[in-house]
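Let me begin by presenting the structure, written as structure tokens, before commenting on it.
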Amino acid sequence: MEKIKEILSKLTLKHYIGIAVVGIGVYFLTGILFSSSSKGIELIPRNTVAVGVVSVGDMIDKADIQDLLKLDLDIIEDLLDNYEDLKEDAEDQSDLAASILEDPENIGIDINQDVFVYGVIHDIKEEAYICVSGGVDDEDRLLEILEEIEDNMPNDDYEDSYSSNESHFDISEEDGYNILLMYNKNSYKNSRYDDVETYYGDITAFAWDNDKFLFITNPEAWEKKGINKLEDEVERLFNLKSKEKLTSINSFDDFYDNKTDLCAWASAEGMDEDLLDDIVDELDDETGFDLEVEDLTECSASLYYNFGDGNVSVKAALYASDGVQELIEEKTNISTSEFSYELTMKFDDSGDNTIHVILRSLLTIIDEAGGVGNMERMMYNLDRMF
């Protein structure tokens, strides 16, 4: 868990923007849809330590966007007017942008399918990846969009007597998939030692084939070899055999069979044994807990959020291995194989889904506060209201 926190702390704005583009774009650029399982699950390797699942289609369906747009609020009218203005402006500037605004569902990504966010660790110090995967319904459309972005990328390269910067945004076709590789190359001249120090940052990739996509980054990578390793990892994930996939782990299959709108799973079962040996030794040194590798690999944890009609339910569970159960009983005199809790929070009796209720309430409050046209006035009014 500490390692995952450390990785997340090193994500830069570009990494978050990349993840946000995938996540937010998939969420909002659609109408009323129904979800299904996702081809993105095929890109999750067995050595994944944690995975989150977002049932995008279900959540959009529950939001009932079309009903929200019928609300008699000034902010809704303003949003619709601004959207029409945006479409008109886009028609004068970019045929592709105009076509996306005209048909937001047609972006190449299959918004019916689940989206997965997961972490893959090869080496604690150097090679740990944050990934997002999901479904694709039109690979050519996706390529068209990315190629236009590539053509219109601003050129922020520079070189002076002390330093230089090169931004790379390169699309290429590999065996069985396409890949967009992005990174910055920064060089600094060290006059004291008469040499040049070069660092590579924001190394990320977006790869896709005819039915799935992968966004991947390694926030630990600062050297050129990190680019090659990232490309190798993309190739590995697009060529996983059945036994190498996360779906070969029973506890994950059980978890996914019971998936909800938002849910997460974690386990060390697929991790490299040498890496697990180090973790077990560290636990022994710091806590005195005498555990075997199997005691860790047989443990798993899950978390479920579900948005019901007027309520939100939460369920969390930790499933302990025999060795951990014995340790718990020895230290606490508690005998159990599972620690879990369930909580349901109810706050609305309208019969509408919670996501719809929350969005409707937020729109109403913002409208009462004067809308988003004048942010300073809106914040002042919100402060007075609450």
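When we screen Ser335, Ser302 for residues that are modelled with pLDDT of 90 or more and not hydrophobic (A, V, I, L, M, F, W, C), the only hit is Ser302.
Residues that are part of a loop (DSSP other than H, G, I, E, B) and either in contact (Cβ under 8 Å) with a residue 12 or more places away in the chain or under 20 Å from Glu231 (Cα atoms) (or both) within segment 162-211 comprise Tyr162, Asp175, Gly176, Asp209, Asn210, Asp211, listed in sequence order. Restricting Leu96, Leu142, Leu101, Leu79 to residues that are surrounded by 11 or more Cβ atoms within 10 Å (Cβ to Cβ) and at pLDDT 90 or above narrows the list to Leu142.
For segment 120-142, a residue qualifies if it is more than 21 Å from the chain's Cα centre (by Cα) and assigned to a helix (DSSP H, G or I), and the qualifying residues are Asp140, Arg141. Of the residues making up segment 294-311, at least one is exposed (fewer than 15 other Cβ atoms within 10 Å of the Cβ), touching an Asp or Glu at 6+ places or on another chain (Cβ under 7 Å) and touching a residue at least 40 places away in the same chain (Cβ under 8 Å). Segment 228-345 holds strands (runs of 3 or more DSSP E) entirely within its bounds, and those carrying 2 or more residues that are under 23 Å from Phe213 (Cβ atoms) and aliphatic (A, V, I, L, M) map to 262-267. How many residues are more than 30 Å from Trp208 (Cβ to Cβ) and assigned to a helix (DSSP H, G or I) if we restrict to segment 68-91? Count: 13. When Gly351 is tested against (1) part of a loop (DSSP other than H, G, I, E, B); (2) in contact with a Lys or Arg (Cβ under 8 Å, 6 or more places away or on another chain), exactly one condition is not met: (2). Exactly one residue out of Asn210, Asn250, Asn228, Asn239 is of a type outside the set (A, V, I, L, M) and either in contact with a helix residue (DSSP H, G or I) (Cβ under 6 Å, 6 or more places away or on another chain) or over 26 Å from Ala50 (Cβ atoms) (or both), and it is Asn210.
The values are calculated or read from the model by the stated rules, or taken from the named source; none is laboratory data. Quick caveat: nothing in here was measured; it's all calculated off a predicted structure. Glycine also receives a Cβ, built like all others from the backbone with ideal geometry; neighbour counts cover every protein chain displayed.
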